[in-house]
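The values are calculated or read from the model by the stated rules, or taken from the named source; none is laboratory data. Just so it is clear, the model here is predicted, and its values are computed rather than measured. Don't worry about glycine lacking a Cβ; one is built from the backbone with ideal geometry, like all the others, and counts go over all protein chains shown.
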Amino acid sequence: MRRWTQCVRRGFHSATAIDWRAFPRDEVTNVPARLEREWFGRRLLQEPDHPLARAKTRMVRHLGIECFEALPPVVSLYDNFDSLLIPATHVSRSPNDTYYVNRRHVLRTHTSAHQRQLLRSGPASWLACGDVFRRDEIDASHFPVFHQIDGGRVFGEGVTAREAEEDLKGTLEGLMRKLFGASTQLRWRDDFFPFTSPSFELDVMFNGEWLEILGCGLIHEDIMQDTPSIRGRQGWAFGIGLERLAMVLYQIKDIRVFWSRDERFWKQFRGRPLEAPIAFEEFSKFPKTSRDVSFWTNSEAFHENQFFEMVREVCGDLVEAVVRLDTFRHPK
Ligand code: PHE
């Protein structure tokens, strides 16, 4: 605990590579090799051009609150669940839904896993972002690794629940209007999280559809009660999924593209101003291949355009370019 506190104090903004492979494995370990090899530690939020990092940075700048960006993604069961009053029987604890590093540690399933420690040792308001992990199928809208940003604020003595709720709603409405435009329609709905009470969800109207964008609420009394320095006070917390948000902001239709190393992905974001309205254009998921074709003809009337046309007739626009490399004329 002491070490962690010092890390928080030092900021944890720099890349303190925590190698979770150092955590001993046991019979409940269920982290797939592919996750470890390909996705763990990619630090997409630390690539300034990446659409997820852009979404994060826009929020951090607008809110003007310190963001902890390198909190370690391997957390104890206490941090991920118990400290947030998530019951021992809750489905989210199932190894079918959560990656267990071992009996006592999981890959965080949400950035709220840091809330209790930030409440204890952190500032009066904070943001925490990072990669989160949930066992899931992979398709255009699901991926077992995604990113969240959580925020929290603790008020001084004398602030009522009502005032705290107004502050929370005002803060998040302002944030959404900043991201989606000043006249964006917003809708509050009641929700449930074990660690906030009351709990709300904020929906944003986008292209004629209501999108669930975030969950939030007043930090549960029992959590505040448990921490001597803030006992009896009010506080709020929220959590936002960055993929969802970035998919809407940049018109990205497939969640898998965030993991792309393809230049055709990166070049659409690289060097663009933070607020630039970028509409992502899809590209083929298949890697580029080149084919050499050689043939001969004895027709003097042959023109390369005949060949180009034939390729297009068969392959359509799947072929990027057809280029004549060489011509050879036999002397006889
Ligand atoms: N951690 C919640 C989730 O992942 C979101 C949340 C954060 C809700 C903070 C309330 C307060 O869905």
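Couple of notes before you dig in:
- I240 under 19 Å from C67 (Cα atoms), under 16 Å from the mean Cα position of the chain (by Cα) and either crowded, with 19+ Cβ neighbours inside 10 Å or not small (G, A, S) (or both): yes
- Within the range 272-315, being of a type in the set (K, R) and either surrounded by 10 or more Cβ atoms within 10 Å (Cβ to Cβ) or in contact (Cβ under 8 Å) with a residue 12 or more places away in the chain (or both) holds for R272, K285, K288, R312.
- Entry remark, the range 237-254: residues being within 16 Å of the ligand (Cβ to nearest atom), among the charged types (D, E, K, R) and in contact (Cβ under 8 Å) with a residue 40 or more places away in the chain number 1 in total.
- Candidate set from the range 120-132 (those that are at pLDDT 95 or above and of a type outside the set (G, A, S)); member that is nearest to the ligand (Cβ to nearest atom): V132
- Any chance P123 is of a type outside the set (F, W, Y), under 15 Å from F68 (Cα atoms) and either surrounded by fewer than 17 Cβ atoms within 10 Å (Cβ to Cβ) or touching a Pro at 6+ places or on another chain (Cβ under 6 Å) (or both): yes
- The criterion of at least 2 residues that are surrounded by fewer than 20 Cβ atoms within 10 Å (Cβ to Cβ), within 14 Å of the ligand (Cβ to nearest atom) and without any contact (Cβ under 8 Å) to a residue 24 or more places away in the chain is met, among strands (runs of 3 or more DSSP E) falling completely within the range 133-236, by 186-193, 196-206.
- Candidate set from the range 104-119 (those that are in a strand (DSSP E or B) and within 14 Å of the ligand (Cβ to nearest atom)); member that is farthest from the chain's Cα centre (by Cα): V106
- Residues located in the range 173-191, provided they are of a type in the set (A, V, I, L, M, F, W, C) and either more than 20 Å from E275 (Cα to Cα) or out of contact with any strand residue (DSSP E or B) (no Cβ under 8 Å at 6 or more places or on another chain) (or both): L175, L179, A182, L186, W188
- Number of positions in the range 91-106 that are surrounded by 13 or more Cβ atoms within 10 Å (Cβ to Cβ) and within 20 Å of F193 (Cα to Cα): 5
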